[in-house]
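One structure below.
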Amino acid sequence: MIKNKVLQSVLMIIGGWFSIGLGYSTNLGYSIINTFCFLGGIVLFFIGILMFIIAVRD
């Protein structure tokens, strides 16, 4: 169970990192889409880090 939580948190960190890069570096048609992608990536990245810390501590 802990292995699944660690894997999920690592995938969230990687997905957030890619979403930050996509939102920052591309033009997806409207600036609001880039903003949601960038900010959503930041949130996903930090949630993944928190989940990783919690999963490792258990």
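Structural remarks
- Total residues in the stretch 14-35, condition open to solvent by 60 Å² or more (accessible area, probe 1.4 Å) and either touching a residue at least 60 places away in the same chain (Cβ under 8 Å) or part of a loop (DSSP other than H, G, I, E, B) (or both): 3
- Qualifying residues in the stretch 1-13 (those that are assigned to a helix (DSSP H, G or I) and free of Cβ contacts under 8 Å to residues at least 24 places away in the same chain) - the one most open to solvent (accessible area, probe 1.4 Å): Lys3
The values are calculated or read from the model by the stated rules, or taken from the named source; none is laboratory data. Since this is a predicted model, take the numbers as computed values, not measurements. Cβ: placed from backbone, ideal geometry, glycine included. Neighbour counts: every protein chain shown. Just so you know, the surface numbers come from the protein's heavy atoms only, side chains and all, with ligands and any DNA or RNA stripped out. Shrake-Rupley method; radii C 1.70, N 1.55, O 1.52, S 1.80 Å.
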